Each structure stands twice: as C-alpha cells, then as structure tokens.
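The values are calculated or read from the model by the stated rules, or taken from the named source; none is laboratory data. None of the values given here were measured: they were computed from a predicted structure. Cβ sites come from the backbone with ideal geometry, for glycine too, and all protein chains shown count toward neighbours.
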Amino acid sequence: MAVACGAVVRAVTLDSSPAASGVPTVGVVVHRTGRLRSLGEALLFVINDLLARWGPDHPVALAVLDSGSTSEGAVAAAEELARRAEVGVVITLAGSHTVPAVARACARAGVPSVSTMLPWQVFREQSGGPDRAFHFAWGLDDIARAFAEMWRMAGASRVGCLWNDDVQGRALRSAGGGFVATARAAGVELVDLGAYREARADFAEQVAALAASGADVVTSAGTPQDLARFWAATTEAGLRLRLLTSSRWLTYPFGAAQADVDGVATVVSWTPRGATRSSLGGRSAEELARGYEKVTGRPWLQPLGLAHALVEVAVHAVTATADPRDRDAVARTLAATCLETVAGRLDWTRGPAPNVARLPLAGGQWRRRDSGWDLVLVANAARPDVPVEGELRTLG
C-alpha cells in the first residue's frame, strides 16, 4: 500500500507483506484524505522519514490504513488492522470523534491502541476509557493553566468564552471537565457567551453578550473560519479585544493563516526549540522540524513532534515485548512505559488517569511575518524546559 504525504512528499510503500517480514507490526489509522488530512500529513511524513532512515533493517513493519477523516472510516480501518494477527498495537492521532472511535473499536477487538492530540478528559469520556486504550495528551486543566498565564499578562480578570455546542464546547464548559475550575482557581471570572453551531454566519448573540459582560479578552476552541467571522463581528460592533486565546485549530500555522488575526494566543504542546530527542536514533526536535520544512516547503507544526512520539511509543511497545503478537503482553508493556521521546517524557505509570500520560503545555502567540506566520513562545510556567522567545502583545 502506498502512503503519500501530499503532492510534495515522496510515497513510500508500506504493508506489502508485514506478516512475512519477521518483524513486529504496528497498525496505523491515519487521516490521509478528508477534512483532517492536514493533520494526518504529519504522521505520514514521520512514517516516510523513519522508513527512509531505517532502510531495509527496519525494527517494525507498519500497516497503514486511511480513516477518510470520519468516525466510520476510522472504525473500519481499526477493525481491519485488528483482524491481522501480526498487528500488536494500533496508533492514531487527531479528531474529536475519530480518536475515541478507534479506541473503542480496538478495545472490542482486543488489540491495544495508542493515541494523542485530544485532551485526555475528552478522550476518556468519549471512548469510555477501555482497558487497552492508551493515550498521551494535555488536559483541559492544562489548557486553562496556559491560557490563565497569558490572561494575567494581559491584565484580564474576566474572560468571555466563545464555545460551540459540540464535543469541544461541552467539555470546556463542563463543571467537572477541569477548564472552568482551573480558570477560577487562577482568579479569572468566565462568562459563557452562548453555545453556537460551527460554520455559523451570525455571531450577533455572542457579540451582544460580550458587550454586556464588559470583558475584553475572549477564549475559544473555534474553527479558524468561525473565529474570523467573530472577530469581524466584534470589530463591526465597535468592540476592541485586548487578547484572543484559542486552542484546537489555532495551534496550527494554517489555522492561524485562515483566521487571519495577528496576535492570537494559543497552547503549545511541542516546539522544535526544546532539548528533546527521539528514542529512535536520538534525532533532535530541531532536526525533525528542519527536515519537515525542507521536504514539504511548509513551516513546522505541533502535530509533527506528537506524531513522531506516537510512533516511538508503538515501536517501544512491540519491540520491548517478548512476543509482539501477544496483545495482552503488549498492553502490559504500554501500562509500564516511561519513555523519553522527541515530545518529552511520556509516563503511563503516573497518571493523571489510568492509561494516560500527561503532556504539559506552554503558551504561544501567532505573529504575522512577511514569510508567513510565526508561533512565538511567550509563557512557559508549565514548560520551563522551553525558553520564552518574546513578550505577549495585546491586540489592536
């Protein structure tokens, strides 16, 4: 099966005969097509890059199937991989609906799974937290902590919340989700501006609520398109925001470009400026980012480091297990894993919940440059290993 990372990335043949290869096999569910393909490209790049570096003496075989960026497609891919006896673990990343769907499908089939790029509370709630589903990510409380650090820098004690009525918004406003409690503990008053459906054309209700609240800082997890429309609506209403913080799509350079709001602040889960290195050969975060930029012609993005770490964990799981076809044994290996990766230390022995390894977050701010969009690290209380690169700038 040929897996391509867009037009500029060379296709590499995978999964031609993993069962006959005599090496452990990792199943991969990736968004090769559909609306999440821009996130899947990071994982495809990592796979292509590692295979090229390994050459014929690769430590694992990789069986890669496309999700089509849908839950149904993700389930079908996971079930197909689980039917292959040689597959010891299945990995996937990104997608509020697809990641939990893969975890549930793998659990039903008895194969361990590892996933990332979804707040761990959302993952556990949506997947049901099955025994063999392993996950590494930040929490909703980590998002609030990173945002609160930047809100303090902007002098804000009241923040308007632009949250949708889907998985993301419901999780953020949930009393037990972690975001609200952490923000309040930081001394911040949150004002819910009202739930909305994504791809909304009119934010009049939310803008009116913002004006009535007196807040001039807004936080969101909206799409770039919705944020652009909301920003335009606040400007038209004569409101001047001091700061806009947004997670989810605004963590990526293409999301910042689509929103087109200079100075949007976001969370940072991975950056090439840290001192982390891969457990597969010792490649540095900086080398990984520069390699991606050279091959693709695009700026590095946060999923790159997480995708690489995901493969690192999978390789560790099947190569550290005496019989990588023994899925019970692979699950036990994962449960005991503490691994230094290009995304930092991933430790499943410490929690914060069963089968979860936590990633702390820094805070960054998008700056428009002549060459494109640059993510500048401005807050690192939870990530002191990553250096601050500049001061937070207020909007306008």
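Looking only at residues of the range 32-86 that are within 20 Å of the chain's Cα centre (by Cα) and among the basic types (Lys, Arg), we find that the one that is surrounded by the most Cβ atoms within 10 Å (Cβ to Cβ) is Arg32. What single numbered condition from (1) outside any loop (DSSP other than H, G, I, E, B); (2) touching a residue at least 24 places away in the same chain (Cβ under 8 Å) fails to hold for Ala353? So the condition that Ala353 fails would be (1). Annotation: Leu239 fulfils all but one of (1) in the same structural domain as Ala154 (by TED's automatic domain parsing); (2) crowded, with 21+ Cβ neighbours inside 10 Å; (3) of a type in the set (A, V, I, L, M); the unmet one is (2).
Conditions (1) at pLDDT 95 or above; (2) touching a helix residue (DSSP H, G or I) at 6+ places or on another chain (Cβ under 9 Å); (3) over 18 Å from Val114 (Cβ atoms), marked per residue:
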| position | (1), (2), (3) |
| --- | --- |
| Val9 | no, yes, yes |
| His31 | yes, yes, no |
| Leu44 | yes, yes, no |
| Leu50 | no, yes, no |
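Do we find that Ala171 is assigned by TED's automatic domain parsing to the domain that holds Val264, outside any loop (DSSP other than H, G, I, E, B), closer than 25 Å to Met117 by Cα and modelled with pLDDT under 95 in this structure? Taking the combined requirement at face value, the residue satisfies it.
Among residues of the range 31-42 that are within 13 Å of Asp66 (Cβ to Cβ), those with a Cβ under 7 angstrom from a residue that is of a type in the set (D, E, K, R) and not in a helix (DSSP H, G or I), sequence gap 6+ or separate chain, pair up as Arg32/Asp66; Thr33/Asp66; Gly40/Arg32.
Pick out the one residue from Val217, Val207 that is closer than 30 Å to His97 by Cα and in contact with a Lys or Arg (Cβ under 8 Å, 6 or more places away or on another chain). Spell out how you get there, then give the answer.
Values: Val207 fails: in contact with a Lys or Arg (Cβ under 8 Å, 6 or more places away or on another chain).
One residue alone meets the criteria, Val217.
Restricting Val111, Val99 to residues that are assigned to a loop (DSSP other than H, G, I, E, B), in contact with a strand residue (DSSP E or B) (Cβ under 9 Å, 6 or more places away or on another chain) and closer than 20 Å to Phe136 by Cβ narrows the list to Val111. Between Ala314, Ala320, Ala285, the distinction of being closer than 23 Å to Gly255 by Cβ and modelled with pLDDT of 95 or more belongs to Ala285 only. Is there a residue in the range 111-121 that is among the aliphatic types (A, V, I, L, M), at positive phi and either in the same structural domain as Thr341 (by TED's automatic domain parsing) or modelled with pLDDT of 95 or more (or both)? Among the residues of the range 111-121, at least one is among the aliphatic types (A, V, I, L, M), at positive phi and either in the same structural domain as Thr341 (by TED's automatic domain parsing) or modelled with pLDDT of 95 or more (or both), which makes the answer yes. Restricting the first residue to the range 199-211 and requiring it to be under 12 Å from Ala232 (Cα atoms), which pairs with a second residue that is not charged (D, E, K, R) meet a Cβ separation below 6 Å and a spacing of at least six or different chains? Once the first residue is under 12 Å from Ala232 (Cα atoms) and sits in the range 199-211, its partners that are not charged (D, E, K, R) give Phe203/Phe230; Phe203/Ala233; Val207/Ala233; Val207/Thr234; Val207/Ala237. Only one of (1) in contact (Cβ under 8 Å) with a residue 60 or more places away in the chain; (2) part of a strand (DSSP E or B) is not met by Arg345, so which one is it? All conditions pass for Arg345, except number (1).
Scanning the range 223-282 for residues that are under 30 Å from Val318 (Cβ atoms), at pLDDT below 95 and part of a strand (DSSP E or B) yields nothing.
Apart from one condition, Leu334 fits all of (1) touching a residue at least 40 places away in the same chain (Cβ under 8 Å); (2) assigned to a strand (DSSP E or B); (3) out of contact with any Gly (no Cβ under 7 Å at 6 or more places or on another chain); the exception is (2). Among the criteria (1) crowded, with 17+ Cβ neighbours inside 10 Å; (2) modelled with pLDDT of 95 or more; (3) not hydroxyl-bearing (Ser, Thr, Tyr), the one Arg290 does not fulfil is (1). Mind listing just one residue for me: the one in the range 92-116 that is in contact (Cβ under 8 Å) with a residue 40 or more places away in the chain and not β-branched (Val, Ile, Thr) and, of those, surrounded by the most Cβ atoms within 10 Å (Cβ to Cβ)? Selected residue: Pro112. Applying the condition of being out of contact with any Pro (no Cβ under 7 Å at 6 or more places or on another chain), small (Gly, Ala, Ser) and under 26 Å from Phe123 (Cα atoms) to the range 138-170 and asking which residue is surrounded by the fewest Cβ atoms within 10 Å (Cβ to Cβ) yields Gly169. When the residues of the range 75-91 are filtered to those that are in contact (Cβ under 8 Å) with a residue 24 or more places away in the chain, in contact with a Leu (Cβ under 8 Å, 6 or more places away or on another chain) and not small (Gly, Ala, Ser), the one that is farthest from Val330 (Cα to Cα) is Leu81.
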